[in-house]
Amino acid sequence: MRPTPTISRAPHPRLPLKRVLWAFIILILILALTSAGVSTYVGWKLTHPARKALTDSPDKHGLAFTPIEFTSRTKDVRLSGWFLPSATPSTPEKLTVIMAHGYRENRLHSGAEALKLAKELVAQDFNVMMFDFRNSGESGGSLTTVGYLEKHDLLGAIDWVRTNHPGRIALHGFSMGATTSLLAAAEEPDIVGVVADSPFNHLTRYLEDNLPVWSHLPNYPYTPLILTILPPLTKIDPDQVDALSAVDRVYPRPVLFIHSSEDGSIPYLNSESMWAKHPDKFEIWQTSGKEHARSHAKFAKEYEAKVIEFYNKLR
């Protein structure tokens, strides 16, 4: 028998280990740079949101008003708003309610029907001030800081009211504006009370858990990257937007928290955690519905009755 011929095969080529390692390192670097680039872009967009134009005005609702302009307490930006006087003249006992709108909103905060609420407050003999935070509505500025600089805008609004319409001052905020109202009241002992509708209690901690709601990106790796990139990019410190600590300096002045138990944007526990620190002076009204800061739109009569009762106690 003939021996079975052997078939020789060429050896399978192997990539050098170093080349494989370099390819892996380059891939990781590309992914890291891409993630950092996406995070920087999204972080920039979140702090530079497009302005929402004003689509309504008090005169369309039969309300007298004065267009106003003033500066933020930081003196770096001019802010615009309206002053809606009550039917009777201002006195030292007159209460002026300053409204503070939410993120990506303007003085109208249409989802909360803020102008409709203002009309009811004016009818109950309160003055009302409505204004746009920086980078919102008709105000100046190009950066939104979710409470960090907005606190100074609200303090500027307080300065304007104190100068032009001396009397008692209360704050009524929605979402970001609610948190900002607590921060401002903590620094201004003259503020006699606050209505905080759907606030977050601490910006860093809130964003660590909920940034995907606003960024529309997976939590990891983007949330840690955005929170690392944003402070040096915008020169703001989100840890200073700390309403959970601020309420201790608001106390013993009264605060009415309003928050839906099903809020999908800012969880109800944010309000509950602040209310629970001082339940002897703070009140909380738990509403329903998954929409954020829309309790007034959904429960207008009950909402108006509760806040008017609250403000009447501050006269």
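The values are calculated or read from the model by the stated rules, or taken from the named source; none is laboratory data. Treat the numbers as computed from the prediction; the structure is a model and nothing was measured. Here the Cβ positions follow ideal geometry from the backbone for every residue, glycine too, while neighbour counts run over all protein chains shown. Please note that ligands, DNA and RNA were not included when accessible areas were found on the heavy atoms of the full protein model with its side chains. Shrake-Rupley method; radii C 1.70, N 1.55, O 1.52, S 1.80 Å.
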Exercise. How many residues are over 28 Å from the mean Cα position of the chain (by Cα) and either at pLDDT below 95 or of a type in the set (D, E, K, R) (or both) if we restrict to the stretch 63-85?
Worked result: 0
Exercise. Taking into account only those residues within the stretch 116-154 that are of a type in the set (K, R) and within 22 Å of A53 (Cβ to Cβ), which is least open to solvent (accessible area, probe 1.4 Å)?
Worked result: R134
Problem set entry | Given (1) free of Cβ contacts under 8 Å to residues at least 12 places away in the same chain; (2) more than 17 Å from the chain's Cα centre (by Cα), number of the condition L269 does not satisfy | (2)
For this session: Could you list, in sequence order, all residues of the stretch 213-226 that are free of Cβ contacts under 8 Å to residues at least 40 places away in the same chain and either of a type in the set (G, A, S) or surrounded by 15 or more Cβ atoms within 10 Å (Cβ to Cβ) (or both)?
Result: T223
Problem set entry | Within the stretch 65-123, strands (runs of 3 or more DSSP E) holding 2 or more residues that are touching a residue at least 60 places away in the same chain (Cβ under 8 Å) and within 20 Å of G193 (Cβ to Cβ) | 95-100
Seminar exercise, completed: Conditions (1) in contact with a His (Cβ under 9 Å, 6 or more places away or on another chain); (2) open to solvent by 60 Å² or more (accessible area, probe 1.4 Å) -> Q240 fails only (1)
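Yes or no, residue by residue, for (1) open to solvent by less than 20 Å² (accessible area, probe 1.4 Å); (2) among the aliphatic types (A, V, I, L, M); (3) outside any strand (DSSP E or B):
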| site | (1), (2), (3) |
| --- | --- |
| G156 | yes, no, yes |
| D159 | no, no, yes |
| R162 | no, no, yes |
| H172 | yes, no, no |
| T179 | yes, no, yes |
| G193 | yes, no, no |
| Y206 | yes, no, yes |
Exercise. Do we find that K94 is charged (D, E, K, R), out of contact with any helix residue (DSSP H, G or I) (no Cβ under 6 Å at 6 or more places or on another chain) and open to solvent by 50 Å² or more (accessible area, probe 1.4 Å) in this structure?
Worked result: no
Exercise. Going by the conditions given, is P166 surrounded by fewer than 24 Cβ atoms within 10 Å (Cβ to Cβ) and in a loop (DSSP other than H, G, I, E, B)?
Worked result: yes
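Here is a yes/no grid of residues against (1) open to solvent by less than 60 Å² (accessible area, probe 1.4 Å); (2) closer than 28 Å to T47 by Cβ; (3) of a type in the set (G, A, S); (4) at pLDDT below 95:
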| residue | (1), (2), (3), (4) |
| --- | --- |
| T228 | no, yes, no, yes |
| R253 | yes, no, no, no |
| I258 | yes, yes, no, no |
| S273 | yes, yes, yes, no |
| E304 | yes, no, no, no |
| V307 | yes, no, no, no |
Exercise. Would a scan of the stretch 282-292 turn up a residue that is touching a residue at least 40 places away in the same chain (Cβ under 8 Å) and open to solvent by less than 70 Å² (accessible area, probe 1.4 Å)?
Worked result: yes
Problem set entry | Of the criteria (1) free of Cβ contacts under 8 Å to residues at least 12 places away in the same chain; (2) over 23 Å from the mean Cα position of the chain (by Cα), which one N127 fails | (1)
